[in-house]
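Structure first, then comments.
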Amino acid sequence: QVQLVESGGGLVQPGGSLRLSCAASGISLGPYYMSWYRQPPGKERELVATISSRFNTIYADSVKDRFTISRDNTKNTVYLRMSGLKPEDTAIYYCLVPTLNYWGQGTQVTVSS
């Protein structure tokens, strides 16, 4: 079985930071692009960031300079470091292997004072 498990979400005040993790089992992530998506309440799911197998990264304009996607292939894990969090960052955050359509279960991030 292939499993992607996100963790690290929670409640944080505006301006705070969190690091999300996506740990994979049943698959070696090294050869694949990996992405983080998020779905704010009542809104469409949107792409947040992508990292290639060669560690190139792209970001949504709304998160660039605040979020950093990274990967540790030895740990078979992808990360999303978030800083300067804003209320509009509140969402369920998902990791996925986009070429295989493998999704994690999501982790809730709530930014509120």
Return the equivalent ellipsoid semi-axes of the chain as a descending list in whole Å, where each equals the square root of 5 times an eigenvalue of the C-alpha gyration tensor. 22, 14, 13
Label-point separation (nm) for Arg45 and Thr110, each offset 7 Å from Cα along Cα-to-Cβ? 2.2 nm
Extending each Cα 7 Å along its Cβ direction at Lys86 and Arg19, get the distance between those two points in nm, one decimal. 2.5 nm
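Rule-based calculations on the coordinates, nothing more; no lab input. Remember, it's a predicted structure, so these values are computed and weren't measured experimentally. Heads up, the Cβs are rebuilt from the backbone with ideal geometry, glycines too, and the neighbour counts pull from every protein chain shown.
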